[in-house]
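J.: Sharing a structure here in structure tokens format.
The values are calculated or read from the model by the stated rules, or taken from the named source; none is laboratory data. Just so we're clear, the structure is a prediction, and the values are computed from it rather than from any experiment. Cβ atoms come from the backbone with ideal geometry, glycine included; neighbour counts cover every protein chain shown. Accessible surface areas use protein heavy atoms only, side chains included; no ligands, DNA or RNA. Shrake-Rupley method; radii C 1.70, N 1.55, O 1.52, S 1.80 Å.
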Amino acid sequence: MININETYAITSNPNNLVLVKKNIIQTGKNAGEVSYTNAGYYTSYESLYHGLLKMEQSNNSHASLKQAVEEIKEISDQALKAILLHKCGADNV
């Protein structure tokens with residue numbers, strides 16, 4: 001699994017690239033532990049990249065256009081670095 005940022009990571013199976021969302025369990029005996037949910041399945045790095053950007057745009061409310069652009073640039077840079085690592089077969093988790 002390759003971390004994109006503190007919220008998302010990339011993994012894969014034989015058929016797909018998988019965008020994984022990390023969550024912190026809030027209650028119960030596992031409170032405080034990290035759990036992972038599959039946020040999307042993609043057949044190419046390009047589609048995963050665009051899917052991540054769409055997810056981030058729809059999940060965040062921005063105070064200003066400038067803030068939105070800065071956040072999109074940041075997630076874009078993080079995603080591109082993670083995609084390159086994944087393509088090379090690296091594993092940073």
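J.: Looking at the chain as a GNM with Cα springs under 10 Å, which of 38, 59, 23 has the largest mean-square fluctuation?
T.: 59
J.: Calculate what fraction, in whole %, of the accessible area of the stretch 1-80 sits on carbon and sulfur atoms when a 1.4 Å probe is rolled over the protein chains. Before the final figure, lay out each step's value.
T.: On the way: 2520 of 5070 Å².
The nonpolar share, carbon plus sulfur, comes to 50 percent.
J.: Summing +1 for each Lys or Arg and -1 for each Asp or Glu, what net charge is found among the other residues whose Cβ lies under 15 Å from the Cβ of residue 38? All intermediate terms of the calculation are to be shown ahead of the outcome.
T.: Working: positive: 21, 22; negative: none.
Counting the neighbours of residue 38, the net charge comes to +2.
J.: In Å², what does the accessible area per residue of the chain work out to with a 1.4 Å probe?
T.: Numbers: 6060 Å² over 93 residues.
Averaged over the residues of the chain, the accessible area is 65 Å².
J.: What does the charge add up to near residue 5, with Lys and Arg as +1, Asp and Glu as -1, over the other residues with Cβ less than 15 Å from its Cβ?
T.: Working: positive: 21, 22, 73, 81; negative: 6, 56, 70, 71, 74, 77.
In short, -2.
J.: Note down the net charge around residue 76, summing +1 for each Lys or Arg and -1 for each Asp or Glu among other residues with Cβ under 14 Å from its Cβ. Numbers along the way, then the final one.
T.: On the way: positive: 54, 73, 81; negative: 46, 56, 70, 71, 74, 77.
Summing Lys and Arg as +1 and Asp and Glu as -1 gives -3.
J.: Fully extended, how many nm does the chain gain between residue 38 and residue 77 (0.36 nm per residue separation, minus their Cα-Cα distance)?
T.: 11.9 nm
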